[in-house]
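Okay, structure first, notes after.
The values are calculated or read from the model by the stated rules, or taken from the named source; none is laboratory data. Model, not experiment: these values are computed from the prediction. Here Cβ is always computed from backbone atoms with ideal geometry, including for glycine, and neighbour counts include all displayed protein chains.
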Amino acid sequence: MLDLLTVGEPLICLTAGGRLPAAHTLAKSMGGAEANVAIGLARLGLRAGYISRVGADPFGDEIVRTLRGEGVDVSGVQRSPARPTGLMVKELRSPSDVRVHYYRQGSAATELDGIGEIPPARHVHATGITLALGAGPAAAASELLSAAAAMGASVSFDPNIRLKLWSLDDAVTALREVLPYVDDLLLSEAEAVALAGAGDLDEALGRLADHGIARVVVRRGADGAVGIADGGRVEVAAEASGPVVDSVGAGDAFTAGYLFERLSGATFEAAMATGTWAAGHVVAHPGDYEGLPDRADYDAWRGITTAVDR
C-alpha cells in the first residue's frame, strides 16, 4: 500500500539566472507542486505514487525517469501521443524576485479526464492547480478525493491559487466545493483570507475550522506557520538552512515535511515544525525539488543516531 497518492501536472522547468531577455542559457530541471510533494515524501522514506499524463516526447521521458529515480511510483503516469509535456520558465532575478511563465495550455495533462484503477493508499493529496487546468483534470482530482473516503484514506489539500490559470473568484468558488473532503488544509495567508472570505488571518482560521476541517495550517514564509487543530492554535517559527537562493517550491517542501510527520504519527506541532524546516531547506538550493531533504538530513536535524553512525 502507498503512503501517499497524488494527482497533478509535472512540468519541465527552464530557469534563467536573471532577466529572461538577457539570458543566453537556461538550466533544465522539472517542477510541479504535486510532483514536488511526492518526491519529498519519497526522499524521507515513505511510499509515494503519482497520477498524471505527460507527452510521448523527450521531456516526458525525463520527467518519468526523474520521478522513478526519486523512488516515486509512476505506474499511474500516462503518455499522450498527441499533446506535449507542460513547460514552465523561471526568471531567477533575485532570491526574492522569481517570475514564472507557464506554457501548459493544451499540454498532455489537460487530457486527464479520469484516473482509472486507484491503487490503495493511506493518504491522498491534491492541489487547486489540477482543478484549474480544465474540466478533465478537475474531474480526475475530484475522483481521487471522492475515492479517499471509500478506501479509508485521509486527505490533504493545498489551494495553490495561480492567477495565471484562473480568476480569484473562480478559484474560490471551486476550492470551497473541495473543503468537505479535506482533513488537512495547507495554504498561504493570502489564500486563507480569500478562501474564508475573511478580513484577516485570525478570522480566516476560525471560519475555515468551522468547515469541519480537522487541521488548518497557514504557511507564512519567514514568519513560520500558524495552525488550528482540535480548537487549539499552534505557531512555529521559520527555520532557515542557509541564505535563500530560490523560493519556488517552499510551500511544497513544507507540505512534504508536514505530511511525513502526520503519516508517521507525530503531533500537529511537530508536523508544522518539520514543514518549516523542510521549506527552509529547499529554498537554500536552486530548483523546485533539488533541495528537498532526505531521511539522512532529517535524522541529522532531529539528532537521531543510526546503527551505522554508532
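A few notes on this one:
- Residue in region 243-250 that is outside any strand (DSSP E or B) and over 21 Å from Ser94 (Cα atoms) present: no
- Asp230 falls short on exactly one of the conditions (1) within 17 Å of Ser156 (Cα to Cα); (2) charged (D, E, K, R); (3) surrounded by fewer than 24 Cβ atoms within 10 Å (Cβ to Cβ); (4) within 18 Å of the chain's Cα centre (by Cα), and that condition is (4).
- Summed over region 251-270, residues that are touching a residue at least 40 places away in the same chain (Cβ under 8 Å) and either assigned to a strand (DSSP E or B) or β-branched (Val, Ile, Thr) (or both) total 1.
- Being closer than 27 Å to Ser142 by Cβ, surrounded by 23 or more Cβ atoms within 10 Å (Cβ to Cβ) and over 15 Å from the mean Cα position of the chain (by Cα) holds for only one residue in Ile12, Ile39, Ile51, and it is Ile12.
- Among the residues of region 213-252, those identified as at pLDDT below 90, touching a helix residue (DSSP H, G or I) at 6+ places or on another chain (Cβ under 7 Å) and among the small types (Gly, Ala, Ser) are Ala238, Ala240, Ser241, Gly249, Ala250.
- Per-region count, region 94-121, residues in a loop (DSSP other than H, G, I, E, B) and either surrounded by fewer than 18 Cβ atoms within 10 Å (Cβ to Cβ) or at pLDDT 85 or above (or both): 14
- Filtered residue count, region 231-248, keeping only those that are free of Cβ contacts under 8 Å to residues at least 24 places away in the same chain and in contact with a strand residue (DSSP E or B) (Cβ under 9 Å, 6 or more places away or on another chain): 1
- The lone criterion from (1) touching a helix residue (DSSP H, G or I) at 6+ places or on another chain (Cβ under 6 Å); (2) within 24 Å of Ala82 (Cβ to Cβ) left unmet by Ala135 is number (1).
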